[in-house]
Structure formats: structure tokens, C-alpha cells
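Chemist: Structure provided below as C-alpha cells; questions to follow.
The numbers here are math on the coordinates, done by the rules we state, and not lab data. Bear in mind the structure is a predicted one, so any value in this text is a computation, not a measurement.
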Amino acid sequence: MANFPRSVLEFQRQFPDEAACAAWLAAARWPDGFRCPVCGHDHAWELDTKAWTYECSRCRRQTSVTAGTVMHGSKLPLTVWFWAAYLMATHSNGISARQMWRQLGLGSYKSAWLLCAKLRRAMVNPARALLSGVVEIDETQISYRTKDDPVAGGGGRSPEGKMQVVVAVEVTENNAPGRLRLGVIPDASSASLHPFIKGNVAAGATLKTDGWSAYPGVPGYKHEPHVVGKMAAHIVLPWVHRVISNLKTWGLGVYHGLRRQHLQSYLDEFVFRFNRRKTPHAAFRSLLGIGTAIQPLTYKMLIAAEARG
Ligand SMILES: [Zn+2]
């Protein structure tokens, strides 16, 4: 997507109506022209009777331009979906359902909440590659609210609890942060940390930790413990500590406290934003459910995608 809108004015110009959104979707899904998903034929008619639907001229199969995306079967206009994905992809700290409700003038808070939840579901790519190279790892405690969702917002503060979260950040050769993973764990024991490491970090990687006794002993990894007092951990593990600090601020600022039952999905959102912080166009496409199978797999590919524009 060469000309991803850089401002809301540009966005409004590029996607003024349903037809513009549908045309963009068709081009994004079939960059080399229409392909029938059943027979592979490359010619179809656009139906007059069904919006944004093509009928294969060979096998007659009808294919909606929204099939396989998050928008399929929705009663909301495409423009609303596009705006929601744009706001979610470009607000650096994210956008709450309450903000979405007001900014898009949606009928109810609940429909805004559902819209956000559906977009957020696209934030985990099941085929994503494991972290590799040098990886900083540490755990922290995150406060959460215990009140149930969905709520209309406002109101007083609910009682808070604490939950253990493990943080892993790749460190690139230029000593810059690469990709991030976060996981909720019951405690900081080996039994909790080792499965997270195996599930998120490629074998052969070097694990940089603060020397906590539960980290060593995972087979297949080089372990580089830096035994430090708590005060010095931010020096030894600078990126993981920056992430932890940002994560805590983000949770309080955007959502007024994270809720326990959705904690992993909030963490997934934070990871999604962090890993696509330089590629809003990739974030926008992913949120709408386009080409999730061709998401950037490694940090190098992420940078390459950025260079392509
Ligand atoms: Zn066909």
C-alpha cells in the first residue's frame, strides 16, 4: 500500500464512501485481478443485486469482497470499519471502545465495544515467528481491575489485583529493540517461565535475564544471567524495562486499568502496536483481516516492508 493516508483528511479523501472502500478491498485482496476462490478463474461479473459481490463467469460461485475479512456479514458500513481500523492502527496508544463510540457516532457503547473486540481479535497472528538472536526476558506485576465488561465507563475505581506478566524483547545487532512478546503467567517459577520461553523464543537464542533462579535450565538456549540488585535491572535489561514502564502507563491511560478476564487480549494489543509501530499500513490491513497469512514474519521483514512503503 504505497499511499497510506498520513492524516485524517487524507483518509477521508481516499475513503469517502462505500464504493471507495470496496474498491480498495478488491485491490488489496486480488492485487493481480479477481481470482475465483473455487475454480481459480480470473473473470467475474459484479452483481447488481448484492453489494460488492462478484460472480465467477465459469463456475458461478459468488464471492463477496469482504469474505474472509473481519467485515464479512456485518451490518455496519464499510466506512465505519475502515475508520475504526484506521483510528486503532494510527493512535499510538490505542483507542478505547468509549472513544470509538464517541468519535464514530455509533448507536451504542456495546456496538463500539464489539467493533473494537472484533478488530482486536486480528492482533494475534497464529503463524508468527519465534523471537531469535539476543532476547531480554524479565517478569513484572501488572495491576488489573476486577469489574466486568462491558461497562459504560466512568464511575469509581474498582478494587485492584495484581497479575504476573513475563516480557521478552529481541535486541537487534544495532542494540535497538526488535519484536516483543508478553504472556500472563501464574507465578515466576520455572514451571511457568519455561513453557513461555519455549512457546515464544526460537531454540539457539541467547536469553538475557536478571539472574533469577527460575530462568536457567531450559534446554536449547544460551543463558546470559546478569545478577543485579533490583535498582540496576533497567541498566542490564534496558528494553524490557522500557516496555514494562510503557505497558503500565498504557494500561492506566487508555483503559483506566486493565481487566483481568481480558488481560491477555490487552497484552496482545500492546504487542501488536509495539511490533508494528513503524508500519501503520500493515497494522491497518491486519486489523481488517486482509492478508493475515502474509504478515511480516521477522523483524528484518518488518523493516523491509517499511522500506517498500
Ligand atoms: Zn469459479
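Chemist: What is the Cα radius of gyration of the stretch 1-133 over 2.2 N^0.38 Å, N being its residue count? Numbers along the way, then the final one.
Modeler: On the way: Rg = 16.9 Å, N = 133, 2.2 N^0.38 = 14.1 Å.
Its radius of gyration relative to the 2.2 N^0.38 Å reference: 1.20.
Chemist: How large is ³J(HN,Hα) for each residue in the stretch 203-209, as worked out from phi by the Karplus curve 6.51 cos²θ - 1.76 cosθ + 1.60 (θ = phi - 60°), to whole Hz, x for Gly and Pro?
Modeler: With coefficients 6.51, -1.76 and 1.60, one gets 4, x, 5, 9, 9, 9, 10 Hz.
Chemist: Just to check I understand the Karplus step: with θ = phi - 60° and J = 6.51 cos²θ - 1.76 cosθ + 1.60, what whole-Hz values come out for the stretch 164-178, glycine and proline as x?
Modeler: Working through the residues one at a time gives 7, 10, 9, 10, 10, 10, 6, 10, 7, 4, 8, 6, 10, x, x Hz.
Chemist: Return the whole-Å distance between the Cα centroid of the stretch 174-225 and the Cα centroid of the stretch 79-141.
Modeler: 26
Chemist: Now, a different point. Ordered by residue, what ³J(HN,Hα) values in Hz, to whole numbers, does the stretch 129-144 give under the Karplus form 6.51 cos²θ - 1.76 cosθ + 1.60, where θ = phi - 60° and Gly and Pro are x?
Modeler: After applying 6.51 cos²θ - 1.76 cosθ + 1.60, I find 7, 6, 5, 8, x, 8, 10, 7, 9, 7, 10, 8, 10, 10, 7, 9 Hz.
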